[in-house]
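**Student:** One structure, pasted below without further comment.
The values are calculated or read from the model by the stated rules, or taken from the named source; none is laboratory data. This structure is a prediction, so every number in the text was calculated from the model and none was measured. Note that we place each Cβ from the backbone using ideal geometry, even for glycine, and neighbour counts take in every protein chain shown. Protein only, heavy atoms only, side chains kept; ligands, DNA and RNA dropped before computing areas. Shrake-Rupley method; radii C 1.70, N 1.55, O 1.52, S 1.80 Å.
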Amino acid sequence: MKDLQEFERYLAHLGEGLGHADRQAGLRGYCTGLMAPLKRKSVEPMAAHLAPSSTRSRHQSLHHFVADSAWSDEQMLLRVAQWVVPAMDFSDGGWWIVDDTGFPKQGQHSVGVARQYCGMLGKQDNCQVAVSVTLACQAGSLPVAWQLYLPQEWAEDMARREKAGVPQDLAFATKPAIALAQIERLIEQGAPRHCVLADAGYGVETAFRERLSELGLPYVVGVTGQVTVWPPGHAPLPPEPYSGRGNVPTRQRLGDAKHQRPLSVKELAFELDPSQWHTLEWREGTNFTLRSRFARVRVHAAHRDHQRSQLRPQEWLLIEWPEGHREPMKYWLSTLPEDVPLQRMVLEAKMRWRIERDYQDLKQELGLGHYEGRGWRGFHHHASLSIAAYGFLMVQQLRHPEGAGKKNAARRKEPALPTHYKPRGSPAHAAPRPIVHHDLAAAYRRSLAQDATPMSVLPARKRKASLVTQYD
């Protein structure tokens, strides 16, 4: 079976980053279990599925591999990217998508669990939250960085940290700060400077946007209607005239006149001329064409301008106001070029659907949220292995889209999200489709059962532990 041989080569490539040859069996077994047609993909049911006659010993070995074994989840994700990225087509653009996802949890002992916003539930609840950065092209996407958000109450509780195995040098960081650190590591590894997409949870942070610009990364990020900007015709007063004594004034001033103060983006939307609004289509949905009404205007972001000597650089404000709605639905700030067509800007703003697709597949099909351990290492190992399984299936779809079925062939189509999944500001469309190829998992399980000793592996192609050559 060709797919089985390819899967074996893939596992051999991943296994080169595990450090010890005796971890190969754990990698094979765990990834096979994640792709199996199991309702719950935690260690125990996977062990029972893989080895019905020796479930206890297989459970112990899988648990040790995911919860205790000291292999690097960051190295695992790097190797997954090295395999997947060459199959991705960036001729029509590439994107870094920043987001976070929640996992509802009971109790207080699982690492990072706290009462916080959970996108899966669409409200505040007891959960864990992880921040990720995904690399996307038009036809596919892959999470390439993943880290648990550690709430401040956890970061400051040394007893709980030690019990859960939180790294000693890990300090509290906000979600935007975690995402920036992930992006900076990717850039250091040679990743290209694609456009960054993020929702308003990240876009409202001025420091987040400014750091992306410092890194040379364009962005299209969501903001709330309360974010303030300087539209055309609005500007602060210049610094006060120098009196001849003391320091020379350098800070701008806010005046009393309307044009001397910034506007919220919601206020600005209501002031736009009707001729500035355009109805655009940006993608074919499964059941209908996706279209809405958009306007854009060049603005300067306003934030503590009275502490600055000059305005921030000019950028785009993009607004979505569907026909018939009482007020605008979404807002984005963007540093895409001034001459970028509105149609292209809308397409890029809407590419965030790919991360929602990833999360849905990873959770529903590959057990991303099924880990039942409480420790830091196990949480990250389980996630990186779920992403590893997803990466292999993504490559199969990218290379053989005709084999994925009618629903899977058109990768630009807007997915529906499960009714319980409510990402910030994202409506759901269309019907879900599975990504998992259960026949492959079944065939590989049979091959494992036929060979009680560790399977021989085909040599993987040599790849540098870098993203540079893979993204060029």
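**Student:** Keeping all protein chains in the complex and leaving out DNA, RNA and ligands, what accessible area do you get for His259 with a 1.4 Å probe, in Å² to the nearest 10?
**Tutor:** Surface accessible to solvent at His259 totals approximately 100 Å².
**Student:** Provide the FRET efficiency to the nearest 0.05 for the Ser72-Arg344 pair, computing r from the beta carbons and using R0 = 51 Å.
**Tutor:** 0.85
**Student:** Continuing with this model, one more query. Evaluate Rg over Rh across region 112-210, taking Cα atoms for both radii and Kirkwood's formula for Rh.
**Tutor:** Expressed as Rg/Rh, it is 0.99.
**Student:** Then there's this: Order these peptides, 314-320, 394-400, 279-285, by their mean beta-carbon neighbour count within 10 angstrom, highest first.
**Tutor:** Going from most to least packed, we get 314-320, 394-400, 279-285.
**Student:** Still on this model: Please list the non-local residues whose amide H lies under 5 Å from the amide H of Val196, H modeled 1.01 Å from N, same-chain partners needing a gap of 5 or more.
**Tutor:** It is Trp96, Tyr219, Val220, by chain and number.
**Student:** So what's the net charge close to Ser61: Lys and Arg +1, Asp and Glu -1, counting the other residues with Cβ under 12 Å from its Cβ?
**Tutor:** Value of the local net charge: +2.
**Student:** Over all alpha-carbon pairs in region 223-276, figure out the percentage whose distance exceeds 19 Å.
**Tutor:** 44
**Student:** OK, next. With each pseudo-label sitting 7 Å past Cα toward Cβ, what's the Ser54-Phe270 distance in nm, one decimal?
**Tutor:** 7.1
**Student:** Taking 45 Å as R0, compute the FRET efficiency from the Cβ-Cβ separation of Phe90 and Arg251 and round it to 0.05.
**Tutor:** Here the calculated transfer efficiency is 0.55.
**Student:** Could you give log10 I(q)/I(0) at q = 0.12, 0.19 Å⁻¹ for region 179-332, computed by the Debye formula over C-alpha point scatterers of equal weight, without solvent?
**Tutor:** -0.65, -1.20
**Student:** Then there is this: Within 12 Å, Cβ to Cβ, of Arg211, how many net charges do the neighbouring residues add up to if Lys/Arg are +1 and Asp/Glu are -1?
**Tutor:** Combined, the nearby Lys, Arg, Asp and Glu give -3.
**Student:** Excluding Glu372 itself, what net charge comes from residues whose Cβ is under 11 Å from its Cβ, given Lys and Arg +1 and Asp and Glu -1?
**Tutor:** Local net charge: +3.
**Student:** Can I ask one more? Going toward the positive end of the dipole of region 184-306, with +1 on Lys and Arg Cβ and -1 on Asp and Glu Cβ, which of Thr224, His234, His303 do you reach last?
**Tutor:** It is His234.
**Student:** Assign unit charges at the C-beta atoms only (+1 for Lys and Arg, -1 for Asp and Glu), then state the dipole size of region 269-310 relative to its Cα centre in Debye, rounded to the nearest 20.
**Tutor:** 180
**Student:** Could you let me know the centre-to-centre spacing of region 345-383 and region 276-333, using Cα atoms, in angstrom?
**Tutor:** Taking the Cα centre of each part, region 345-383 and region 276-333 sit 27 Å apart.
**Student:** Something else: Give me the percent of Cα-Cα pairs in region 1-114 that sit more than 26 Å apart, rounded to a whole number.
**Tutor:** Every Cα pair in region 1-114 considered, those over 26 Å come to 34 percent.
**Student:** Using a 1.4 Å probe on the protein chains only, how many percent of the accessible area of region 1-134 belongs to carbon and sulfur?
**Tutor:** That share works out to 48 percent.
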